[in-house]
Amino acid sequence: MKWIVITSPDFVSGEALFIDRLFGHGLDLLHLRKPGSTIEAYRELLRQIPERWHSRIVLHDHFPLTGEFHLHGVHLNRRCPHAPDGYMGSISCSCHSLEEVAKKKPTSDYVFLSPIFNSISKAGYEAAFSTAALHKAAAESLIDNKVYALGGVSKEHIAQLKELSFGGAAFLGDVWRRMYDPTVDIYLDELRNLLS
């Protein structure tokens, strides 16, 4: 399974160093998502992240920076629903229903389906799909290697996500709440091993 981490919506102290650490532990893709932030703030964070990781970063805003920093791709959302004209890199998007997955998967490199579990970072943002509905979608190949689980994902869910045929797992709250934990490296290694 692909291992994705979405940034905290706010800029945090030591963020670029932690992102470097995530990639060092085998992170596949980082989604840079800072709603309401300026292009200059995005640019400054990207400058702090070692260049060797730039080809594994996806932007949720300020898409022109993909060319400037040779980034992996863009993620379409309500704020930025269209890729730039002539854009040739990776395109992903967010889906909040199985119908949306069926519609958007054919024109995307991959999609996020959320929320799969109760959110760790957003209070009151609860799972939107029954286990039975997810199993049915997997049996019909609607959930496959192009569909990544998002929403409340933690290491305890990985076995279940594999059973449901998800192609990747996107982490937010479960990773960022451990940023300053002295045992974070052990946790990140466990995550990588479980996802392999």
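The values are calculated or read from the model by the stated rules, or taken from the named source; none is laboratory data. Keep in mind the model is a prediction, meaning the values are calculated, not measured. Quick reminder, even Gly has a Cβ in these numbers, built from the backbone with ideal geometry, and neighbours come from all protein chains shown. The area values use the complete protein model at the heavy-atom level, side chains included, leaving out ligands, DNA and RNA. Shrake-Rupley method; radii C 1.70, N 1.55, O 1.52, S 1.80 Å.
Going residue by residue through segment 119-131, is there one that turns out to be surrounded by 14 or more Cβ atoms within 10 Å (Cβ to Cβ), within 23 Å of Gly36 (Cα to Cα), of a type outside the set (Lys, Arg) and in contact with a Pro (Cβ under 8 Å, 6 or more places away or on another chain)? Scanning segment 119-131 turns up at least one residue that is surrounded by 14 or more Cβ atoms within 10 Å (Cβ to Cβ), within 23 Å of Gly36 (Cα to Cα), of a type outside the set (Lys, Arg) and in contact with a Pro (Cβ under 8 Å, 6 or more places away or on another chain). Any residue at all in segment 93-103 that is modelled with pLDDT under 90, of a type in the set (Ser, Thr, Tyr) and on the phi < 0 side of the Ramachandran plot? Checked against the condition, which is being modelled with pLDDT under 90, of a type in the set (Ser, Thr, Tyr) and on the phi < 0 side of the Ramachandran plot, segment 93-103 yields no hits at all. Taking segment 34-70 as the range and being among the polar types (S, T, N, Q) and out of contact with any helix residue (DSSP H, G or I) (no Cβ under 8 Å at 6 or more places or on another chain) as the test, the residues that pass are Ser37, Thr38, Ser55, Thr66. When segment 32-41 is examined, which residues are found to be more than 18 Å from Ile4 (Cβ to Cβ) and either modelled with pLDDT under 95 or not acidic (Asp, Glu) (or both)? Of everything in segment 32-41, those that are more than 18 Å from Ile4 (Cβ to Cβ) and either modelled with pLDDT under 95 or not acidic (Asp, Glu) (or both) turn out to be Gly36, Ser37, Thr38, Ile39, Ala41. In segment 175-196, the residues that are modelled with pLDDT of 95 or more reach residues that are charged (D, E, K, R) and not in a helix (DSSP H, G or I) with C-beta atoms within less than 6 angstrom, at least six apart or across chains, in these pairs: Val184/Arg178; Tyr187/Arg178. Residues of segment 129-155 that are closer than 21 Å to Lys104 by Cα and under 18 Å from the mean Cα position of the chain (by Cα): Ile143, Asp144, Asn145, Lys146, Val147, Tyr148, Ala149, Leu150, Gly151.
Residue count for segment 147-160, restricted to those that are touching an Asp or Glu at 6+ places or on another chain (Cβ under 8 Å) and either in a helix (DSSP H, G or I) or of a type in the set (A, V, I, L, M) (or both): 2.
Only a single criterion out of (1) touching a residue at least 60 places away in the same chain (Cβ under 8 Å); (2) crowded, with 18+ Cβ neighbours inside 10 Å; (3) of a type outside the set (Phe, Trp, Tyr); (4) under 26 Å from Ala133 (Cβ atoms) is not satisfied by Ala149, namely (1). Restricting segment 74-100 to residues that are over 11 Å from Phe112 (Cα atoms) and not in a loop (DSSP other than H, G, I, E, B), the residue that is most open to solvent (accessible area, probe 1.4 Å) is Glu99. Restricting segment 161-190 to residues that are aliphatic (A, V, I, L, M) and part of a helix (DSSP H, G or I), which is most open to solvent (accessible area, probe 1.4 Å)? Only one residue tops the list, namely Ile186.
Is segment 90-111 home to any residue that is without any contact (Cβ under 8 Å) to a residue 24 or more places away in the chain, farther than 30 Å from Arg177 by Cα and of a type in the set (A, V, I, L, M, F, W, C)? No, every residue in segment 90-111 fails to be without any contact (Cβ under 8 Å) to a residue 24 or more places away in the chain, farther than 30 Å from Arg177 by Cα and of a type in the set (A, V, I, L, M, F, W, C). Within segment 23-38, is even one residue part of a helix (DSSP H, G or I), open to solvent by less than 70 Å² (accessible area, probe 1.4 Å) and either farther than 26 Å from Leu134 by Cβ or among the hydroxyl-bearing types (Ser, Thr, Tyr) (or both)? Looking through segment 23-38, at least one residue is part of a helix (DSSP H, G or I), open to solvent by less than 70 Å² (accessible area, probe 1.4 Å) and either farther than 26 Å from Leu134 by Cβ or among the hydroxyl-bearing types (Ser, Thr, Tyr) (or both).
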